[in-house]
Amino acid sequence: MATVTSWVETLNAGETVIYPFVGTEWLWLIIAIAFWIVWHVRQSASETEENDELASKGKGSDDYKNNIANW
Amino acid sequence: MDNELSALSVIFTEFYYWVTVVLMFLIHVGFCMYEVGVSRHKNHLHTLMKNTMVIPLVTVTWFFFGWWIYWAMINGPWIGTSIMDGNSGLQLGGGYGANEVANPMSPIMAINLGDHINGVFWAAFLLFSWTAASIVSGAVIERIRMSAFAILAIAIGSVFWTIDASWGWHFDGWMVKVLGYHDAYASGVIHACAGGFALGVLTVLGPRIGKFASDGTPRNIGPRNPWLVTVGLFLIYTGFWGFYAACNIPIFDLGPEYGLDGTFFTATNIYVTPTTLSGITFNFLMSLSGGLLMGYWVSKGDPFWTYSSGLAGIIAASAGNDLYHPLQAMIIGMIGVYVAYKMHYWVERKFKIDDAVGAVAVHGYAGIVGLVICGFVLWGYPSSGYEGYAAINPIGMIIGAIIMFGLLGFLPGWIIAKVLNGMGKLRIPHEVELAGMDFNYMEAAKADEDAVTADQK
């Protein structure tokens, strides 16, 4: 539902809040916080997996030099 | 905005803060370039991404709760008494200090035709928050887990510096009222706090492999790319101009505010005491120059330290740069740099602290020096134009430095790092540190190159 359907009516009425779905801010906040927490959990798990895989390769401190691309 | 003049004033203030935010974005660009320049080839991309992700992580948490904390903690809680009690005429928006505005669900935390300031003010403070997290980011490169840094960045960027700003960087903050704390351009509230936080983390994180010889002698690692470091620090200087402007209120009538006879339009600092944009421009450049001169001298022309010392010079003078004479700003910048440089190497040797970019020195030690000196040089100045505030004094500023660097900096950094370390989530595995965090990326890129080259033959 549009919060504003007529600029003339809105401005004449002194309405200042113009974003859509006024009153549902709590719902958007819950979704955003849930995503934020899930992001941390998934990122940490992914990082652990990547680190374990790399550690198992047993590479030395200079081995990366063989992987320097020249393009 | 019921007439052209008041509309012009409001829109000017809105645009002013908006411009400072854009300028301050360069600080983050500079920090990214600087960190990558200091890191080794095998860690470039992880180093870059670590600092880049400060932007979204601190931004969303600053929206969720950081801005709310700033307005919620002014009295401690339970330490001071707010002057925004409705009788003083300072209570804004039906309860600004009570967080009706800074609440993330408030209609004013969005596009609102009745407000032109909250968003740009929120953003200006947010850019300070990125800086606080970036300061820590540089110190811990090449061995911290991204997931650990993400938590630490949010802790310093959206929680702990925010509390200290609420206490000591707000016209109604209890430290200003009770201690006479004065920190106009954030020697303490950002730099000492973030520097202390970085030191707390480093104490637990430990040095990079090979940083110290078996007899404890420190070795220099990098910088690998001095040009990135150079451009990065120049960009940080540039963004710092925006930071200085953002710390001011550009136009304010102190007449009714202070009960003066008539009007007195001026720029003010965050405490609503008068200064001028012109005057702080003198002091910014003179403290930068004092820092560069001392840095070049004490480091015998080392480019890394000379550039960093320009920054440290500004940081040391920042607490009182709203009132200092330019020559005072220059000399205070020089003293701050000298102490920061000497402290860096003493702490490195004594406690085996590997601060990869000198962040604790440039921000932490220079910030502390700035606060202490400010207490003496500005001794007796009123910390506010409102009634009942303590005057600026050395004891209040020394206590303030301890709160900033120790209580809200070092201590939470150390505790969070200890917890993460206890869970095995703080540091990357030894084998990964040796191989380099970018090993897999580089290996894949090399394989792609070999495949393309083979096809071209």
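Each reported figure results from applying straightforward, stated rules to the coordinates on display, with no laboratory input. Just so it is clear, the model here is predicted, and its values are computed rather than measured. Here the Cβ positions follow ideal geometry from the backbone for every residue, glycine too, while neighbour counts run over all protein chains shown.
Filter A:K59/B:K425; B:K211/B:K446; A:K65/B:K352 down to the pairs with a C-alpha to C-alpha distance above 27 Å, please. Working shown, then result.
Values: A:K59/B:K425 22 Å; B:K211/B:K446 29 Å; A:K65/B:K352 29 Å.
Among A:K59/B:K425; B:K211/B:K446; A:K65/B:K352, the Cα-Cα distance tops 27 Å for B:K211/B:K446; A:K65/B:K352.
Grab the beta carbon distance between B:W379 and B:T276, set R0 = 25 Å, and tell me the FRET efficiency rounded to 0.05. Could the numbers behind the result be given before it?
Numbers: r = 22 Å, r/R0 = 0.89.
Result of the calculation: an efficiency of 0.65.
Only residues of the range B:36-55 count here: report those whose backbone N is under 18 Å from the spot 7 Å along Cα→Cβ of B:V29, or say none.
B:36-37, B:48-49, B:51-55
How would you rank B:C374, B:C32, going from fewest to most other Cβ atoms within 10 Å of each one's own Cβ? Write down the numbers at each step before the final one.
Values: B:C374 31, B:C32 24.
Fewest-to-most Cβ neighbours within 10 Å comes out as B:C32, B:C374.
Taking the number of other C-beta atoms within 10 Å as the exposure measure, put B:M175, A:M1, B:M146 in order starting with the fewest.
Ranking B:M175, A:M1, B:M146 by Cβ neighbours within 10 Å, fewest first, gives A:M1, B:M146, B:M175.
Give me, ordered by chain and number, the residues 5 or more places off B:I249 or on other chains with an amide H under 5 Å from its own placed amide H.
Excluding prolines and chain starts, which carry no amide H, the hits are B:T268, B:N269.
Can you tally the net charge around B:H182? Count Lys and Arg as +1, Asp and Glu as -1, for every other residue whose Cβ sits under 15 Å from the Cβ of B:H182.
Values: positive: B:K177; negative: B:D164, B:D172, B:D183, B:D322.
Charge balance near B:H182 sits at -3.
Hey, what angle do you get for helix B:226-246 against the long axis of chain B, alpha-carbon based, 0 to 90 degrees rounded to 10?
Helix B:226-246 sits at roughly 10 degrees to that axis.
Report the extension gain between B:L48 and B:T203 in nm, rounded to one decimal, defined as 0.36 nm multiplied by the number of residues separating them, less their alpha carbon distance.
Values: separation 155, 0.36 × 155 = 55.80 nm, distance 2.30 nm.
That works out to 53.5 nm of additional length.
Within the range B:159-182, list the residues whose amide N lies under 19 Å from a label point set 7 Å along Cα→Cβ of B:I395.
B:174-182
Per-residue mean of other chain beta-carbon atoms within 10 angstrom of the beta-carbon, peptide B:432-439? Mind dumping the intermediate values first?
On the way: counts 8, 3, 8, 10, 8, 5, 3, 6.
Per-residue shielding by partner chains comes out at 6.
Calculated FRET efficiency, B:E387 and B:M1, Cβ-Cβ r, R0 30 Å, to nearest 0.05? Display every interim value, and only then the final one.
Details: r = 31 Å, r/R0 = 1.02.
Step by step, r from the Cβ atoms, then E = 0.45.
Let me make sure I get this right: for the protein assembly as shown, a, b and c are the square roots of the gyration tensor eigenvalues over alpha carbons, sorted descending. Under 1.5 in a/c it's rounded, otherwise prolate if a/b > b/c, else oblate. Which is it? All intermediate terms of the calculation are to be shown ahead of the outcome.
Working: a/c = 1.95, a/b = 1.35, b/c = 1.45.
Judged from the Cα gyration tensor, the protein assembly as shown comes out oblate (a/c at least 1.5, b/c at or above a/b).
Can you tell me the FRET efficiency between B:K418 and B:A213 if r is taken as the Cβ-Cβ distance and R0 is 22 Å, rounded to the nearest 0.05?
Numbers: r = 27 Å, r/R0 = 1.23.
With a Förster radius of 22 Å, E is 0.25.
Might you report the magnitude of the Cβ-based charge dipole of the protein assembly as shown about its Cα centre, with Lys and Arg at +1 and Asp and Glu at -1, to the nearest 20 debye?
Details: 24 positive and 39 negative charges, 416 e Å.
Taking the Cα centre of the protein assembly as shown as origin, the dipole is about 2000 debye.
Taking beta carbons within 10 Å but only from partner chains, what does the mean come to for residues A:53-65? Write down the numbers at each step before the final one.
Details: counts 2, 11, 8, 2, 6, 3, 8, 3, 8, 4, 7, 14, 4.
Mean inter-chain Cβ contacts per residue within 10 Å come to 6.
If each residue of separation counts as 0.36 nm, what is the full-extension length gain between B:Y258 and B:V22 once their alpha-carbon separation is subtracted? Let's see the in-between values first.
Working: separation 236, 0.36 × 236 = 84.96 nm, distance 3.25 nm.
Computed gain between B:Y258 and B:V22 is 81.7 nm.
Relative contact order for the range B:175-310: what percent, with Cα pairs under 8 Å and sequence separation of 6 or more? The partial results should precede the final answer.
Values: 105 pairs, mean separation 20.2, N = 136.
Relative contact order of the range B:175-310: 15 percent.
Got a sec to turn the phi values of the range B:9-26 into Karplus ³J(HN,Hα) couplings, 6.51 cos²θ - 1.76 cosθ + 1.60 with θ = phi - 60°, whole Hz, x for Gly and Pro?
5, 5, 5, 4, 5, 4, 5, 4, 5, 4, 5, 4, 5, 4, 4, 5, 4, 5
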